[in-house]
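First comes the structure, then the notes that go with it.
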Amino acid sequence: LPHVTPVLTRTIPLPTSKVVMPATAMFSNLKSRVGGGGAGPQNIFDHNPIAQHFEIGKQTASAGPELVWRIHDAYRKSDGKEASVFVFEKKCAEKLHKPKRKETVTELLRASVRQLERFRHPKILQVVHSVEESADTLAFASERVLASLANILAYADSCGGGGHGGPSTGASHMPTAPRHPYAREYHFLDIELKYGILQITEALSFLHYTGHVLHRNVCPSSILVTKKGTWKLGGLEFTERMNEIDGLDPVSCQPWSSRVPKMAQPDLDFIAPEVQTMSQCSIKSDMFSLGMVISTIFNTGRPLIMANHSSSQYVKQLELLEDQVNNVLTRIPIPLQEAVVRLLSKDPKQRPTAQLLTLIKYFSDQTVQALQFLDVINMKDPTQKNHFYRNTLKDVLPYIPRKLWFQHVWPCLQQEMKTQEVLAAVLQPILYLIQECSLEEYEDIILPSFRNVFSIPKTIQATVTLLENLHHILEKTPRNEIRSEVLPMLYNSFESTTIQVQSAALVAVTNVSEYLDETAIRKMVLPKMKTVYEKNSNDLKLVLNVLACIEKTLDRLERSQIIDEVLPLLWEVRLQDADVIVRVVNIYRVMLSDKKYGLSVNVMATRVMPSLLPQTVNPSLNLEQFTILLEVLQEMLDHIDRNQRNKLKLDNMSLP
């Protein structure tokens, strides 16, 4: 198993869905969580048209240049779907005094949303509602966001001891003074960091090689962590068309300047040296910024350059950058160290491109590849999905940390359960999760969606998979749910015209007989089992399943049913296959153990033994099977012997 080390901490509430909340209740609940009073946060949206489309809750995070975007939890009114609403209050820019500057910031942010919509990609923040504007605010809606990386790193920095020592686990001490009020505690696992860095690298690769633009502000406030824990690149305020002929050739750009509002330019702490000192940028400038982000993550949230909005401080600290990199290197995973050193080289030629960076050994991880596939699963065809769920994901799940099962994997499986053509394959990883999860996790997270599977139309393969694994499901399912949701599907399966389903239903009864009440076994299972046998008596596998089912349910049947229905069925079974002979013999052995089963010596002598004796010379029996047969025949003879001797003795005693 891969080593899992906590790097930064937050305890995430699992995405529980114990109760499917109606949209109206969900909205009112959301409203109740929004700060009240005349100056409550909901008033920000009073005149913004976005409030007509979304029910907007409290602020949970912030992002963008100088964190000017306030991020609120929201639900879309049309379908109740979770979202995040980003809002910029124009009065934030009023302290700039000059109206033109205020409009500059607003236009930058407005344009950044248009850019997000233009550059649609799984690794770039997804806009679900375009920008809306009022006199006071600018707002748009995206997929649900948990926090920006800046929010999470602010918490890490506040409790990380200023970058001394190893990465903080956050468990030993509480934060002292977070940098801003929306610092978020979050528990990143090693694999989340690895996957997150890869996602941002792939986003840059897309912008550079498909979009032909430079990002120019790769920094923690431009990276959003979604509810699933995936990282998305945002912050497209400062994109620049790159050199059309060769992206490695620099283009001219504006360096950071104290004469321009801070919120109208990139984050100075993450700017590449050539941008600040030579007013030039290329795709390699974005790679330097990415290197700075990576080192900040592993330096307990503290950037290697902290210029404090001073270009002279930036230049001074740049001279010490090499030493700073060496100091932080021991905290960076070994397979990533060389890449970070090269990314943070002052010479752009030394830095790897985004395409090259994705190929390093650090990212060559089967769990990361599985998570990557899940993120783009909607773009795959059913054949690819089936192979992934049935093989890749099922094999890799044991190596994916448990936290990600419910945060990252389960939401995808939940969606796919609605697709009939991939349901059979999706059930494979779901059944693994059911077996491995706790009772509470099953009832709170899995069951609310999973219960629908029992009643929806299914393919033959999906039904068979469910039936053959029913015992794993019932181990966790509450008794009342078993009766109302699961067992009706089992009983209906006997009515199927498909032999695979009928056979799987028999296997299910054998595996879950303890969950069935006696009335159900006597009045429903036995008659249906007989019908299935009569229609398919030549199918060896099905006959074996019928016999296994009889053996398992025998002690729950009434004596009259055994005599009138079970015994005649056993006499009809063709005794040629060795496995069939052993199954039949085992049923007789159970019957011999107690008189309640009604196996009389008369029936033994006249019906049972005559059918079994010829099998003693059946060449298909091995020694063990022959021994089992002979022991039961001997036991029957002993029964007849005792019974007849006692009877004859009594007869003799009664003679005059």
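FYI, it's all coordinate maths here, none of it is from the lab. Remember, predicted model here, so these are calculated numbers, not experimental data. Cβ coordinates were reconstructed from backbone atoms using ideal geometry, including for glycine residues, and neighbour counts include every protein chain displayed.
Could you list, bin by bin from short to long, the percent of Cα-Cα pairs of the stretch 382-599 in 10 Å steps?
8, 31, 30, 20, 10, 2
Of the options LEU544, LEU236, VAL426, report the single residue whose Cα projects farthest towards the positive end of the charge dipole of the chain (beta-carbon charges: Lys, Arg +1; Asp, Glu -1).
With unit charges placed on the Cβ atoms, the residue in question is LEU236.
Along the three principal axes, how long is the chain when you take its alpha carbons, biggest first, rounded to the nearest angstrom?
Rounded to whole Å, the extents work out to 131, 54, 49 Å.
Neighbouring Cβ atoms within 10 Å as the yardstick, rank LEU431, LEU547, LEU371, LEU439 fewest first.
Exposure proxy ranking, most exposed first: LEU439, LEU431, LEU547, LEU371.
If you take the beta carbon distance between THR497 and GLU468 as r and set R0 to 25 Å, what does 1/(1 + (r/R0)^6) give as a FRET efficiency, to the nearest 0.05?
On the way: r = 19 Å, r/R0 = 0.75.
That gives a FRET efficiency of 0.85.
Out of the stretch 226-317, which GluC sites (Glu not before Pro) are coil in DSSP terms and have no more than 13 other C-beta atoms within 10 Å? Walk me through the intermediate numbers first.
Values: sites: GLU237, GLU240, GLU244, GLU274; in loops: GLU244.
Hits after loop and neighbour filter: GLU244.
Using the Cα centre as the reference, give the magnitude of the dipole from point charges on the C-beta atoms of the chain (Lys, Arg: +1; Asp, Glu: -1; all else neutral), rounded to the nearest 20 debye.
Details: 72 positive and 70 negative charges, 225 e Å.
That gives the chain a dipole magnitude of about 1080 debye.
So how do TRP410, TRP231, TRP571 line up by other beta-carbon neighbours within 10 Å, fewest first?
On the way: TRP410 23, TRP231 20, TRP571 14.
So the ranking, lowest neighbour count to highest, is TRP571, TRP231, TRP410.
Taking trypsin sites (Lys or Arg not before Pro) that fall in a DSSP loop and have at most 12 other Cβ atoms within 10 Å as cut points, what is the longest piece of the chain between them? Display every interim value, and only then the final one.
Values: sites that count: LYS18, ARG120, ARG259, ARG574.
Within the chain, the longest run free of exposed trypsin sites (Lys or Arg not before Pro) spans 260-573.
Once a ≥ b ≥ c are taken as the square roots of the eigenvalues of the Cα gyration tensor of the stretch 307-369, is the result rounded (a/c under 1.5), prolate (a/b larger than b/c) or oblate (a/b not larger than b/c)?
Working: a/c = 2.59, a/b = 2.00, b/c = 1.29.
In terms of gyration-tensor shape, prolate.
At 222 nm, what value in deg cm²/dmol follows for the chain if DSSP H runs of at least 4 each add -39500 (n - 2.57) and the sum is divided by all its residues, to the nearest 500?
On the way: 25 runs with 276 residues, N = 656.
Roughly -13000 deg cm²/dmol at 222 nm, from the helical runs in the chain.
Sorting LEU224, LEU575 on the 10 Å Cβ count, fewest up front, what's the list?
Details: LEU224 30, LEU575 17.
Ascending number of Cβ neighbours within 10 Å: LEU575, LEU224.
Take the alpha carbon atoms of the stretch 224-294, find their center, do the same for the stretch 460-533, and report the distance between the two centers in whole angstrom.
A separation of 61 Å, based on Cα centres.
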